[in-house]
Amino acid sequence: MTIQWFPGHMTRAKRQIEDKLKLIDVVFELIDARVPLASRNPMIDEIVGAKPRLILLNKADLADAEMNAKWIDWFRSFGREILAIDANTGMGVKEISGRVKLLLREKIERQIAKGMKPRPARALIVGIPNVGKSTLINRLAGRSATITGDRPGVTKGQQWIRTGGDLELLDTPGILWPKFEDPEVGFKLAATGAIKEEVLHIDEVACSLLQWLAAEYRGTLEERYGLADLPAELPDIASAASVLEEIGRRRGCLAGGGHVDYEKAAGVLLRDLRSGKLGRISLEAPVI
Ligand code: GDP
């Protein structure tokens, strides 16, 4: 999905989420485990306010396991509730409902004290495009999903999905915008496929990616493309471009005259990253 974010659109998206917040008990903030900060909305704290929130580090299967653990510690150090999941296979998804019960414990206890039977918690999934919102909704809904119909106050056409556990989900997630004005964030979102690569030059995205990989995942890079003696650092775009050229040559990405087609080579690298063929790779490390 491509969305053109302009100020009016952002205001509308924010307002739509604020309307939905009135109907729910808990927000699931979905972020991409490979780029936990770049995939966060810059206004998320303001938008969600005091509503209980569970951060879901999705696509944890594609991210570096060690880095996932570091990010979980990092978010917890700010008092955030966080869980790593893979919405595609369902890893971690079963734990969500238990975490929600902990988050809403006081509210549930108050209901019980009043002699009420606690009702299922109502949740809204929010996140930037492509972070996995629909996949998670489908995963939580599973085969046992029953759509429970319109309720008062819910925008026409919106429905609650019963998830089998003690959870009800609004069937339309809240779509948020990323911090795309920051070029570093733009590169990370383009590399992971969150924004269309046409927005940026694919060969520049590949070169920035190679700089990160050479520093953090040198062995992986050397092994995957048969590169020997890769320098520990690619200090500038020119040095990264020469590595991209080498990858292109080895992968037969040639244009006329025996020259390497940089765009094709960049395509190979980015496909390998996104499909997990390069291994589990994180593109951001927490600063502690
Ligand atoms: P949405 O725009 O936020 O609704 O994102 P989608 O649910 O459409 O997911 C975008 C892409 O990410 C799809 O190709 C999904 O298959 C993929 N995806 C979603 N969650 C995961 C995950 O946990 N792991 C992996 N490997 N891929 C995922």
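For the reader, a short list of remarks on this structure follows.
- Calculated log₁₀ intensity ratio I(q)/I(0) where the Debye formula runs over C-alpha points of segment 79-137, q = 0.12, 0.19, 0.21 Å⁻¹: -0.39, -0.81, -0.92
- The alpha carbons of the chain give a radius of gyration and a Dmax of 21.4, 80 Å, in that order.
- Label-to-label distance, nm, for residues given as ARG12 and LEU227 (7 Å Cα→Cβ offset): 4.3 nm
- Three-way shape call for segment 179-288 based on the alpha-carbon gyration tensor, with the a/c threshold at 1.5: oblate
- Across LYS22, LYS264, LYS188, mean-square fluctuation computed from a Gaussian network of the chain (C-alpha pairs under 10 Å connected) peaks at LYS22.
- Cα-centred dipole magnitude for the chain, charges only on beta-carbon of K, R (+1) and D, E (-1), debye, nearest 20: 1920 debye
- Comparing VAL287, ALA240, ALA33 along the charge dipole axis of the chain, the residue lying farthest to the positive side is ALA33, per the Cβ-charge model.
- Each Lys and Arg contributes +1 and each Asp and Glu -1, all at the Cβ; summed about the Cα centre of segment 1-68, the dipole is approximately 360 debye.
- Cross-linked pairs LYS20/LYS196; LYS51/LYS101; LYS107/LYS179; LYS188/LYS264; LYS51/LYS188: Cα-Cα separations exceed 23 Å for LYS20/LYS196; LYS107/LYS179; LYS51/LYS188.
- Cβ-placed point charges (K, R +1; D, E -1), dipole of segment 7-175 about Cα centre in debye, nearest 20: 600 debye
- Summarised in one figure, the compactness ratio Rg/Rh of segment 11-55, Cα atoms and Kirkwood Rh, is 0.97.
- Of all DSSP beta bridges in the chain, antiparallel share, percent nearest 5: 25 percent
- Ellipsoid fit via the Cα gyration tensor, segment 22-85: semi-axes of 21, 11, 11 Å, each the root of five times an eigenvalue, largest first.
- Here r is the Cβ-Cβ distance between ALA285 and HIS259 and R0 is 25 Å; the resulting FRET efficiency, rounded to 0.05, is 0.10.
Any read-out appearing in this document is the output of simple, stated calculations on the displayed coordinates, not a laboratory observation. What you are looking at is a predicted structure, and each value in this text was computed from that prediction instead of being measured. Heads up, the Cβs are rebuilt from the backbone with ideal geometry, glycines too, and the neighbour counts pull from every protein chain shown.
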